[in-house]
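The values are calculated or read from the model by the stated rules, or taken from the named source; none is laboratory data. Just so it is clear, the model here is predicted, and its values are computed rather than measured. For neighbour counting, all protein chains shown are included, and Cβ atoms are generated from backbone atoms with ideal geometry for every residue, glycine included.
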């Protein structure tokens, strides 16, 4: 317990250090007078459509996860929107998307029988489709953007990685081949359970109708996200071309995975300057756009997260159930074994052999 607590403290200190460094680099690029003038010119009325788009994006994410979970195990799932909202709100304060652990924990609390490993694998499947769709969109958009070479390389690398992950999830026969050759006990037994959980959770990638559905939901989600960014830049007094908005949205999503202070202060602003600068937007309006974007995201997701927390009892128990308390030292080793084991043919409900 003490080790986990010390790792969380170290993680927080690293995040604060990264945010402080990012903020210092931003402040070297512009004076307080320039930033004040840029903020004074912001059209704050754009916050309303941005908030509506953020809520729409969250509803689409919940709809997509419900479909992904249905491919795992057909049943009626409850609290899906609440779980997605709580995870997204926690991701604002936690690095590496660790809020997804709370998302899975809340789903498990209200949907008994859902395994931790299985649910986390559905999140991995979504992330793979996210990256593949957004990476492809960015690659298609880049020819219409006067972008530096590193943007091409970043978009291409993300697309390749996520396409590889999606392909790995779609190879059901390979999962069965690997699981048959791993023992049921010991360290390799843990690896076997991880493979089986990954195979169950990524079933949506092997079902053409379900895959087409979540691909459509994903495309709509990222249209919303790119539109939110476009509105933020417009509020700062600039117009960002649609292809450029797609590219910047992709790189923003990757950049925000870096550890940072709660609220992503500093990293948000540094990313805006780094990504919008090559597109002809000066540092002051870029920082203003990031503040508008950040204010909308924190407000909407914060209200959703607060509503979920107020409606949930035993919040400390939820944190423990989700494995977030141990996240500083890596994922829980029993996470993939939380669900009944599937046999090599993929049927559910088969108890682990002794």
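Scanning segment 1-16 for residues that are assigned to a helix (DSSP H, G or I) and either at pLDDT below 70 or exposed (fewer than 14 other Cβ atoms within 10 Å of the Cβ) (or both) turns up 2, 3, 4, 5, 6, 7, 8, 9, 10, 11, 12, 13. Kindly indicate whether residue 130 is under 15 Å from residue 71 (Cβ atoms), touching a residue at least 60 places away in the same chain (Cβ under 8 Å) and assigned to a helix (DSSP H, G or I). Considered against the rule, which asks whether it is under 15 Å from residue 71 (Cβ atoms), touching a residue at least 60 places away in the same chain (Cβ under 8 Å) and assigned to a helix (DSSP H, G or I), residue 130 comes out as no. Evaluation of residue 59 against the conditions (1) without any contact (Cβ under 8 Å) to a residue 24 or more places away in the chain; (2) within 13 Å of residue 300 (Cβ to Cβ); (3) more than 16 Å from the chain's Cα centre (by Cα) shows that the sole unmet condition is (3).
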